[in-house]
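Colleague: Encoded as structure tokens, here's the structure I'll be asking about.
Laboratory data are not the source of any read-out in this text; all were calculated from the coordinates shown. Since the structure is predicted, the reported quantities are computational estimates derived from the model, not experimental observations. Positions of Cβ are generated from backbone atoms using ideal geometry, with glycine treated the same way; all protein chains shown enter the neighbour counts.
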Amino acid sequence: MKYIISPNVKFREESFGGIAEGHHIGLVTFSKEEFKKLLSFEQPLVKTEEDFSRDPFLKELLDLELLVKS
Amino acid sequence: MVSPYKETIIKNVEVIRLDTPLHAQIELTSKCQYKCLFCYNVWKSKEPHFRHAELTKEDAFLVAEELIRCKIFSVILSGGEPTLVNYLPELTGVFSSAGIDVTMISNGARLSKKLLIDMKKNGLQYVQISLHHYKENEANRISGHPNAYTLTLKGIENALDILGSNSLNINMVVTAETVEDILPMANFLYKKGVGSMSVSLVSTSGQAALNSLLCNYLDLEKAYDQMLKVQEFMPISFVGGLPFCSLPSHYDPSLISMANVCDAGITQIVIGPNGGLRPCVEWPEEAGNIFVDDIVEVWQNSSVFENIRQYKNTPKACRNCEQVAYCHGGCRASALAATKDICGFDPIMRPLEGVK
């Protein structure tokens, strides 16, 4: 399945890493490494259920609806 | 890892430090057709050249350029009355083309279908219209205009028609005289098809004190009790900072859902009709001017913003309260206007036992 950053979320780089904001999630902060990972979903990216279960950060992005199915 | 949060002068309270603001409000003009009894616009008490300030189209586009450079997420176009400038659709388009959400705050009097269609085409997402009473004579008296009720209701109808109820909020500024009227106002708006409403308790920083309209903590309780009932059929929220301790049930999660946690100077900046940079619309002191100073430098280093972020303006008696991280000790601009002391008490705060 392909996933992409939700169109309902805005995000930008910060000197500490990055931030994202959406109506349902409020303001979320990221380290530089985490933000880089989020940005990798600017274009649709294929991930499996196993990928999400192996990576708690990715799972969190999905749970927060920062990532949605493309 | 570099932490996004920095310590404040209050133990265990940290505040996020952003490189640039996330949200901006531009007061495009100081002009307005209405003369509301409680107008909060801080320039009302200033020199005449402030009272008649307005951003030209070139000025407004320069401001937009600076805010786009700051990578803000959203902008509110306000005034005075923003529909009195003739470049609103184009300015809306500049922001929306940069991926920035655009909201307008208006009295509704000039919200024609044509203007709304133009603005919607250019990316306008949301409108907040101010209507202060459901009775015609009261609305006209409060707004200081003989046709305010009719004009504003027409604007609301047009906004519902063009934008839809999900893109419209009606704000009622509540005074000591109208605090019992929130529930009937909500019923009135609901019947009109309005989807959400907000309540601003009249601000001390405007003209309300002159007209003896100020609210106290008992009025806040009355407002809150009615808003709990309104929540059963329509979303409703407070606008402006709120001293949570003024309510008997201030630990109730329903308050958190209705309260507007103040983000002045934390994520928000205001640009006045003369280019002045302030943390919030009710803040009288300018930290700089967007046409003279670097907005990023002002945001990151001015003492006006820095004192807010460090909670230096919070009343000493509030600094040990477990709610202080959210409520800052209530609205600091109201406290300043009421007491002439930035660390003073918000005038709607319930008197603390043993504290003067």
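Colleague: Give me the lysines in straight-line cross-link reach of A:LYS59: C-alpha distance below 27 Å, same-chain residues under 8 apart excluded.
Modeller: List returned: A:LYS2, A:LYS10, A:LYS32, A:LYS36, A:LYS37, A:LYS47, A:LYS69.
Colleague: Cα centroid distance between the range B:284-356 and the range B:164-222, in Å?
Modeller: Taking the Cα centre of the range B:164-222 as reference, the centre of the range B:284-356 is 24 Å away.
Colleague: What size of dipole, in debye to the nearest 20, comes out for chain B about its Cα centre when the only charges are +1 on Lys and Arg C-beta atoms and -1 on Asp and Glu C-beta atoms? Could you put the intermediate results ahead of the total?
Modeller: Details: 32 positive and 38 negative charges, 79 e Å.
So the magnitude is around 380 debye.
Colleague: Treating only the Cβ of Lys, Arg, Asp and Glu as charged (+1, +1, -1, -1), what charge dipole size does the protein assembly as shown show about its Cα centre? Round to the nearest 20 debye.
Modeller: 600 debye
Colleague: Roughly what % antiparallel, to the nearest 5, for the DSSP beta bridges in the protein assembly as shown? It would help to have the intermediate numbers written out before the result.
Modeller: On the way: 24 of 56 bridges.
Within the protein assembly as shown, antiparallel bridges account for around 45 percent of the total.
Colleague: If you don't mind, there's one more thing I want to ask. Could you size up the charge dipole of chain A around its Cα centre, putting +1 on the beta carbon of Lys and Arg and -1 on that of Asp and Glu, and report it in debye to the nearest 20?
Modeller: About 180 debye.
Colleague: Determine one quarter of the surface area of the Cα convex hull of the protein assembly as shown, which equals its mean projected area, and express it in nm² to one decimal.
Modeller: If you wrap the Cα atoms of the protein assembly as shown in a convex hull and average its projections, you get 20.9 nm².
Colleague: When the expected Rg is taken as 2.2 N^0.38 Å, what fraction or multiple of it is the alpha-carbon Rg of the range B:265-356? Write out the running numbers ahead of the final one.
Modeller: Values: Rg = 14.2 Å, N = 92, 2.2 N^0.38 = 12.3 Å.
Compared with the compact-globule rule of thumb, the range B:265-356 sits at 1.16.
Colleague: I've got another one for you. Could you give me the radius of gyration and the Dmax of chain B, taking only the C-alpha atoms into account and expressing both in angstrom?
Modeller: 19.5, 60
Colleague: Still on this model: Evaluate peptide A:12-23: per residue, the Cβ atoms of other protein chains within 10 Å of its Cβ; return the mean as an integer.
Modeller: Working: counts 9, 2, 8, 5, 9, 4, 1, 7, 1, 5, 1, 0.
Mean partner shielding for this stretch: 4.
Colleague: Which one of B:PRO315, B:VAL230, B:SER97 has its Cα pushed farthest toward the positive end of the charge dipole of the protein assembly as shown, where Lys and Arg give +1 and Asp and Glu give -1 at the Cβ?
Modeller: Farthest towards the positive pole: B:VAL230.
Colleague: Now a separate question. Taking square-rooted eigenvalues a ≥ b ≥ c of the alpha carbon gyration tensor, is the range B:27-164 rounded, prolate or oblate, where a/c under 1.5 means rounded and, failing that, a/b exceeding b/c means prolate? Don't jump to the answer; show the numbers that get you there.
Modeller: Numbers: a/c = 2.31, a/b = 1.28, b/c = 1.80.
Since a/c reaches 1.5 but b/c is at least a/b, the shape of the range B:27-164 is classed as oblate.
Colleague: Sticking with this one: Once you sort the root eigenvalues of the Cα gyration tensor of the range B:116-197 as a ≥ b ≥ c, which label holds: rounded (a/c under 1.5), prolate (a/b larger than b/c) or oblate (the other case)?
Modeller: Prolate shape, in that a/c is at least 1.5 and a/b is the bigger ratio.
Colleague: Pairs of lysines 8 or more apart, or on different chains, with alpha carbons under 22 Å: count those in the range B:119-253, would you?
Modeller: Pairs that pass both the separation and distance tests number 12.
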